[in-house]
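Working notes, beginning with the structure itself.
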Amino acid sequence: MSDKILVIGEAKDGELRNVSFEAINAAKQLNSEGEIVAVLLGDEDLENQANDMIQYGADRAVVVQHENLKSYTSEGYGQAVMAIIDEESPNAIVAGHTSIGKDLTPKLASKLESGLVSDVVDIENEGNQIVFTRPIYSGKAFEKKIVSDGFTFITIRPNNIPALDKDESRSGDVQTKEMDITDIRTVIKDVIRKTSEGVDMSEANVVIAGGRGVRSAEGFEPLYELADVLGGAVGASRGACDAEYCDYSLQIGQTGKVITPDLYIAVGISGAIQHLAGMSNSKVIVAINKDPEANIFNIADYGIVGDLFDVVPKLIEEIKKVKE
Ligand SMILES: Cc1cc2nc3c(=O)[nH]c(=O)nc-3n(C[C@H](O)[C@H](O)[C@H](O)COP(=O)(O)OP(=O)(O)OC[C@H]3O[C@@H](n4cnc5c(N)ncnc54)[C@H](O)[C@@H]3O)c2cc1C
């Protein structure tokens, strides 16, 4: 499809998010012969991260370091990416379907009057055509799209297209670009994270989600412990968020986050359609619920009918034994 593909990497606390590496593999699937140029933006030295992008499959990297790129703003990132597009003339741009990717790519696509295929979960090559698969109707169906012509933005959903293995022997050119990033009308004075600890839910391989059945904020503590032993993150139903057992940033579903972990454990969640919209594409679903008729059991691969306050501590104990 394309001769040159830009891949926008994303860092969080100085570390590249895994979706950046997944985007490189997605770019390779667009054209295994094309050149892949990683793009990294920030206010700090990003040379190490640029080399990481290369070791995960990019051919070279372009880094823009500017004080106005400290935090994401569509104006700042937009200016930087537009300047790189002007210089590199790529055929496609791949980014994560993250808050940054979701905000930036439609704005640039509209500015450039180009296409955008968002929230891609699979890329196939069918008879010389690249076919993108993306969920629609809150994950109840999938559509396949083909880009017939022109420059295109693609965003990929985290955790669906695996990253390539890191190859430490790979090297490539890292170019640091000087540019003016001006006229930023949005000033970010402070960033206060509601969930700063632990694994990021959108990219976690394991998510333990609590519902109204957990009954209180304290009731979530065993879920954090279970997430800890499994190296996962904690999420929640809207029922639990509405009841103030946890913050809305943990909400999974139609009006919350959409996640596709390898393992999803629903604890005290009934399985309302709006909740399923956020997790039904998880690879393995386990449900713990005391009601054998709960809807969540209809999509669960494994169901445990029982009181979560008995089941979760037992699970933690057993998993710890296996890990010893
Ligand atoms: C427009 C709209 C958008 C919405 N968006 C979302 C969304 O994004 N995400 C979302 O989650 N919801 C969303 N909802 C709300 C959704 O319809 C449900 O109300 C919500 O998901 C219910 O949360 P819950 O399963 O935690 O609670 P409940 O439905 O009350 O279920 C609690 C479950 O816990 C079980 N239980 C209770 N005690 C125990 C125990 N001791 N041990 C084991 N099991 C126990 C019960 O059997 C029950 O199945 C939306 C609703 C609307 C109208």
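Observations on the model:
- Rounded if a/c under 1.5, otherwise prolate or oblate - segment 2-119, Cα gyration tensor axes: rounded
- Here the Karplus relation 6.51 cos²θ - 1.76 cosθ + 1.60, evaluated at θ = phi - 60°, turns the backbone of segment 149-160 into coupling constants of 7, x, 6, 9, 9, 10, 10, 10, 6, x, 6, 10 Hz, with x for every Gly and Pro.
- Residue-span extension gain [ASP3 to ASP183] - 0.36 nm each, minus C-alpha spacing: 61.5 nm
- Spatial separation of Cα centroids for segment 153-174 and segment 7-66, in angstrom: 7
- Along its first, second and third principal axes, ordered by size, the chain spans 60, 48, 41 Å in Cα coordinates.
- Peptides ranked, highest mean first, by Cβ atoms within 10 Å: ranges 140-148, 157-165, 74-82: 74-82, 157-165, 140-148
- Oblate is the label for segment 28-85, because the ratio a/c of its alpha-carbon gyration tensor axes (a ≥ b ≥ c) is 1.5 or higher and a/b is not greater than b/c.
- Using 0.36 nm per residue and subtracting the Cα-Cα separation, the extra length available between LYS321 and LYS107 on full extension is 72.0 nm.
- Cross-link reach is defined here as a Cα-Cα straight distance under 21 Å, omitting same-chain residues fewer than 8 places apart; for LYS283 the lysines meeting it are LYS140, LYS144, LYS257.
- Hull volume in cubic angstrom per residue (convex hull over the Cα atoms of segment 53-134): 130
- Across the chain, the relative contact order, built from alpha-carbon pairs under 8 Å that are at least six residues apart, equals 14 percent.
- Model label points for ASP301 and TYR224, set 7 angstrom from Cα along the Cα-to-Cβ axis, are 2.8 nm apart.
- Filter on LYS28/LYS145; LYS12/LYS321; LYS107/LYS145; LYS4/LYS111 - keep pairs with C-alpha separation over 24 Å: LYS12/LYS321
- Measuring r between the beta carbons of ALA217 and LYS70 and using R0 = 30 Å, the FRET efficiency lands at 0.35.
- Taking the empirical scaling 2.2 N^0.38 Å for compact globular proteins as reference, segment 79-217 has a Cα radius of gyration ratio of 1.32.
All of the numbers you see were taken from the coordinates with simple rules; none came from a lab. Keep in mind it's a predicted model, so treat the numbers as computed, not measured. Glycine gets a Cβ as well: all are built from the backbone with ideal geometry, and neighbour counts include every protein chain shown.
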